[in-house]
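Read the structure below first, then the notes.
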Amino acid sequence: MNKLAYATIAQLKSMLEKNEITQKEVLDNCLQRFAKYNPILNCAIQLFDADSILQECIIQGPLAGIPGIFKDNIAQKDRRLSCASKILDGYTVMYDSTASARAKQAGGLLVGRANLDEFAMGSSTETSYFGKTKNPWDTKRVPGGSSGGSAAAVAAGLVPWALGSDTGGSVRQPAAFCGIVGIKPTYGLVSRYGLVAYGSSLDQIGVFSRTIQDNARVLSVIAGHDMRDSTSLRVGKKDYTQNLKDASGKGLRIGVVENALYAEGMDPEIVQSIEQAIAVYEKMGATIQKIKLTSFDYAAAAYFIISRAEAASNLARFDGVRYAFRAKDAKTLYDMYCDTRHDGFGNEVKNRILVGNYVLSAGHAGAFYNNATLVRRMIRAELQKAFKSVDVLIMPTHPMPAFEIGAFDKNKLQMDLQDYFTCPMNLSGNPAISIPCGFTKQNLPIGMQLIGPHLSEELLYKTAYVYEQETKWFEKKPKGFE
Ligand code: GLN
């Protein structure tokens, strides 16, 4: 096996520091792996040439010489940004997102642009204008979505870390489907400046990696207050890796969200894996409490309304005037707007714009949007109450393992229900992390979700780390991507 593939950030850093290898060699190796495996996975929409990548970055810093990839909805200066949509095909951004500026300042090598569902709308990375992404554990299956390209690239050992965005679960669900770690931080911890808005009150940039330590390292680089984002929290920078080694399960109070773990339709193999994980925590000295969070039953419906409402407003800006694509031969300005949006957006996006405008329209907003915001407050309050008696919550990330490509082509509702266990934390703003907790008999990864109070990322990482060190699921690699 290629010794650089699947190396962690810490291992790469140590090889670089001992001069066993150069940054250029690490990068070339990464680009060669993409050249070999991207035609199979279609996880990257674009890859850059080595010289231009090296030019952008500084030599020292916590990510110096470490390749990573951004979802193609997070701006990188002078690079194309498409959101996997025809309407932005060929568009080049003139500025860096805060996440990108910080990653570059830390020395990170940003190698290309990762595939996604068009405008981050989806759960399978099947709606991309640039074709579907495949899951490295079984290429007949989806990698999850919408950040499926980022997740597949990390899972196949092409890069040790990647960024995605999570509006309703788009970092955690693909992390679970691909057997890796994915965090959605507290709303406002990572600046949204330069992230193309989908649902502004829900969107958070999140981190993918194969290990907890790598994840904490990348979050430490990109998190922290940013005056360019008015919803950015006034919190300073923190090194989330610092206290990992002292983590212990002893005395930890864990709440198991019973109505999620035993919900109807849960795959029994997933339930079993999570029960085994809970037993691991118990053995380490944690106390386990069963909890019912009944407001979660309404989360998917509220998410459906709020996300569509915000999407309809956010996507109004793509009109053929400001950005790349413009329909030809329109006779009037109005026709130009309509034709551009008709030809430029895919069906999923158009569907959401229609629903979003409907739920906001006079006469309907009371029944839909206002009720959804009430549910949102209920979820937040119920979580706040739960965290009075437990430190963290455990529940599934997803009810079933990665499904086959096309499985839900005729059942849109099933696809929308993919967010069932993840979207409550987008509505409430709480941080949540999905970590690997086993495999099905068919060798498909299983994920579980740890949830904490606002700004408890350090606690989540510590809780995840003790379990990871005990179980080491990350050692297992997908076949065919050596
Ligand atoms: N699957 C959800 C949706 O389609 C989540 C998307 C996301 O988190 N970006 O809206």
Mind jotting down the three principal axis lengths of the range 371-476 based on Cα atoms? Whole angstrom, largest first. 40, 39, 17
Enumerate the amide H contacts of Arg141 below 5 Å, restricted to partners 5 or more residues apart or on another chain; note that Pro and chain-start residues carry no placed amide H. Asn135, Ile405
Given axes a ≥ b ≥ c from the Cα gyration tensor, I'd like to know whether the range 2-149 is rounded (a/c under 1.5), prolate (a/b larger than b/c) or oblate. oblate
Charge dipole of the range 141-269 about the Cα centre (unit charges at C-beta), most positive-ward option of Val257, Ala223, Thr167: Ala223
C-alpha center-to-center spacing [the range 375-446, the range 236-278] in angstrom: 12
Order of 99-109, 218-228, 351-361 by packing, highest average Cβ count within 10 Å first? 99-109, 218-228, 351-361
Ranked Cys30, Cys43, criterion: other C-beta atoms within 10 Å, fewest first: Cys30, Cys43
Let me check against my output: what whole-number percent is the relative contact order of the chain, with C-alpha pairs under 8 Å and at least 6 apart? 18
Would you work out if the range 261-395 is rounded, prolate or oblate? Take a ≥ b ≥ c from the square roots of the eigenvalues of the alpha-carbon gyration tensor; rounded if a/c is under 1.5, else prolate when a/b is larger than b/c, oblate otherwise. prolate
By the DSSP-based rule, helices of the chain that are at least 15 Å long along the axis (C-alpha) and have a mean Kyte score of at least 0.0 are 212-222, 268-283, 299-314, 347-360
Enclosed volume per residue, in Å³, of the convex hull spanned by Cα atoms of the chain: 138
For a test of the definition: using alpha carbon positions, the gyration tensor, and the 1.5 limit on a/c, classify the range 222-320 as rounded, prolate or oblate. oblate
Relative contact order of the range 327-482 (C-alpha contacts under 8 Å, at least 6 apart) in percent is 19
For the chain, calculated [θ]222 nm from helices alone, where every DSSP H run of n ≥ 4 adds -39500 (n - 2.57): -11000 deg cm²/dmol
Counting sequence-distant residues (5 or more places) and residues on other chains, those with an amide H built under 5 Å from that of Val256 are Gln289, Lys290, Ile291, Ile394
Would you kindly give the portion of the calculated P(r) for the range 417-456 that falls above 13 Å, as a percent of all Cα pairs? 60
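Read the figures in this text as sums done on the coordinates, not as results from a lab. From a predicted model like this one, the values you see are computed outputs, not experimental measurements. When we count neighbours, we look across all protein chains shown, and the Cβ atoms used for this are built from the backbone with ideal geometry, even at glycine.
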